[in-house]
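The values are calculated or read from the model by the stated rules, or taken from the named source; none is laboratory data. This one's a predicted model, so the numbers in the text were calculated from it and none came from an experiment. Neighbour counts run over all protein chains shown; Cβ positions are idealised from the backbone, glycine included. Side chains are part of the model used for accessible areas, which takes the heavy atoms of the whole protein and leaves out ligands, DNA and RNA. Shrake-Rupley method; radii C 1.70, N 1.55, O 1.52, S 1.80 Å.
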Amino acid sequence: MEHRKELLKSRISQIQDPVQKRLLQDVLVDVFGELFDYSEETFWNLEQKIDRERSDPDFHYYIYTGVCKKDGLDSASRSLFEIQRAGQHMQGYLGTLFLACDYLKILKCLSETFRAEVETDLGNYHTTISFSYCQAYQEAFYRLYEHFMANRRQWHTINCPFLYKMLDITDLQGIVPQDAVISKVAIELGEFSDFVMDDMALVWNVSEHICKPNVDVSVAGNVSYYVHRIPKEDGYAGCLAVPEGEELFSVIFSEQEMYVRTEKEAHPKLKLLHIEPMNEEKDHTALEFPLQTNTRKLRQADRQAFLQPRYLWTKGEVERILSSYDVFKEFELIDIRPDVQGETEPIVMNPFIRVQSFLENKRKIAVILHAKDREDIFRYEKMYFLLAELQLCTEEYEWTGRLQ
């Protein structure tokens, strides 16, 4: 702002006539000032766009998640899609509900049992039930991680705090027949009654597509394999190949096409997962809570840190890593403290990762965070997402968290 004022003053000072000076002031300030603002804003937006798209190879693969009523789904949405639950339910499964309370209350709920009346087509039954994290949704997230790894794509922990509010209801006594059609489950929840939300569905920006690739046969040594060439129709969407029945396959990505190599058979139809770009203005899904994402901004300091052989775990380094994620805007880093236990039993967001380490008892480092919104019921889940991302950076430490 100051250099602009100096520039205008230098031009105006050369005019002696007061009338011409006033006219020149108006022209320079109103016209050229607006052009100057517009140019600066345009170049800043271009810089941000280039920085997002060119510097971060994972730009098209960030996951957005949300939760809504089943009748609030937008069938015409191009960004958010219902997460399909598949697989067999556990023995005694009675249904799933969403409990809109904070993590500490969820832990208490998971540790208790409740009396319930179950209405079915075979009659009414009184039984004892318990809650557990929804297995079908957990498996859906696990499968997505598997697809990322099978395609050799870098992945990040999925930030879905809603996943840990979705609870399966289980008949502990086995009274309700497995073949009964359940119409209603009335549970004596006591203090948790006000938090129950029924008919909820999780959504994310992952869609399934079936394509018809061009298939060629190639030979490498004594092995022949099939090469499926798939043109990229949407340059703004990430893409993962899911060839059915193929345990080992390879994918090569290019700007215009992707090549899927399989050994078992040629696939005239191939399933693809698209990670769709998020456009909230064009999406009309009736979300119950704000959308969440694992999006991060890869800055120059972050790119430079990738070249270092190992991290130096100082408060500044931890803050640099965490502040690159959008969700960190809701927190303030107070301190990091070695050899301090976490506040609560943590959520293991990457339970499928198995690390072989000589360090049986890893040294703990506690991240002390201040949640800017103390009423946010998802603040603990968001904290554990950030800790999960830190955990991916090191094997020798175990990251714990505390909220102040």
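Condition check ((1) small (Gly, Ala, Ser); (2) touching a strand residue (DSSP E or B) at 6+ places or on another chain (Cβ under 8 Å); (3) modelled with pLDDT of 80 or more) across all residues:
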position	(1), (2), (3)
348	no, no, yes
351	no, no, no
355	no, no, no
365	no, yes, yes
371	yes, yes, yes
374	no, no, yes
387	no, yes, yes
392	no, no, yes
400	no, yes, yes
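A quick yes/no check of all residues on (1) closer than 30 Å to residue 101 by Cβ; (2) open to solvent by 50 Å² or more (accessible area, probe 1.4 Å); (3) out of contact with any helix residue (DSSP H, G or I) (no Cβ under 6 Å at 6 or more places or on another chain):
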residue	(1), (2), (3)
243	no, no, yes
246	no, no, yes
255	no, yes, yes
264	no, yes, yes
277	no, yes, yes
280	yes, yes, yes
283	yes, no, yes
295	yes, no, no
300	no, yes, yes
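Among residues of segment 194-207 that are over 17 Å from residue 64 (Cβ atoms) and open to solvent by 40 Å² or more (accessible area, probe 1.4 Å), those with a beta-carbon under 9 Å from a residue that is assigned to a strand (DSSP E or B) and among the basic types (Lys, Arg) at least six positions away or on a different chain give the pairs 198/69; 199/69.
Where helices (runs of 4 or more DSSP H) fall wholly inside segment 1-86, the ranges with 3 or more residues that are under 30 Å from residue 254 (Cβ atoms) and either out of contact with any Ser or Thr (no Cβ under 8 Å at 6 or more places or on another chain) or modelled with pLDDT of 85 or more (or both) are 33-55.
For the structure I just gave you, tell me whether residue 118 is in a strand (DSSP E or B), buried (at least 16 other Cβ atoms within 10 Å of the Cβ) and modelled with pLDDT under 95.
Values: in a strand (DSSP E or B): yes; buried (at least 16 other Cβ atoms within 10 Å of the Cβ): yes; modelled with pLDDT under 95: yes.
Spelling it out, residue 118 is indeed in a strand (DSSP E or B), buried (at least 16 other Cβ atoms within 10 Å of the Cβ) and modelled with pLDDT under 95.
For residue 229, the criteria (1) open to solvent by less than 70 Å² (accessible area, probe 1.4 Å); (2) modelled with pLDDT of 90 or more; (3) in a strand (DSSP E or B) hold in every case but one, which is (1). For beta carbons closer than 8 Å, sequence separation of 6+ or different chains, a first residue in segment 59-78 that is open to solvent by 10 Å² or more (accessible area, probe 1.4 Å) and a second that is part of a helix (DSSP H, G or I), the qualifying pairs are 59/52; 59/53; 61/148.
Can you tell me which residues in segment 121-157 are of a type in the set (D, E, K, R) and either part of a strand (DSSP E or B) or over 25 Å from residue 378 (Cβ atoms) (or both)?
Just the residues of segment 121-157 that are of a type in the set (D, E, K, R), to begin with: 121, 139, 143, 146, 152-153.
Answer for segment 121-157, where residues must be of a type in the set (D, E, K, R) and either part of a strand (DSSP E or B) or over 25 Å from residue 378 (Cβ atoms) (or both): 121, 146, 152, 153.
For segment 266-275, taking the residues that are of a type outside the set (Val, Ile, Thr) and open to solvent by less than 50 Å² (accessible area, probe 1.4 Å), the one that is farthest from residue 165 (Cα to Cα) is identified as 266.
From 139, 112, which residue is charged (D, E, K, R), open to solvent by 30 Å² or more (accessible area, probe 1.4 Å) and within 22 Å of the chain's Cα centre (by Cα)? Please lay out each step first, then the result.
Details: 112 fails: within 22 Å of the chain's Cα centre (by Cα).
The match here is 139.
Close Cβ contacts (under 8 Å, 6 or more residues apart or on different chains) running from residues in segment 279-294 that are of a type in the set (S, T, N, Q) to residues that are outside any loop (DSSP other than H, G, I, E, B) and open to solvent by 30 Å² or more (accessible area, probe 1.4 Å) comprise 292/64; 293/64; 293/326.
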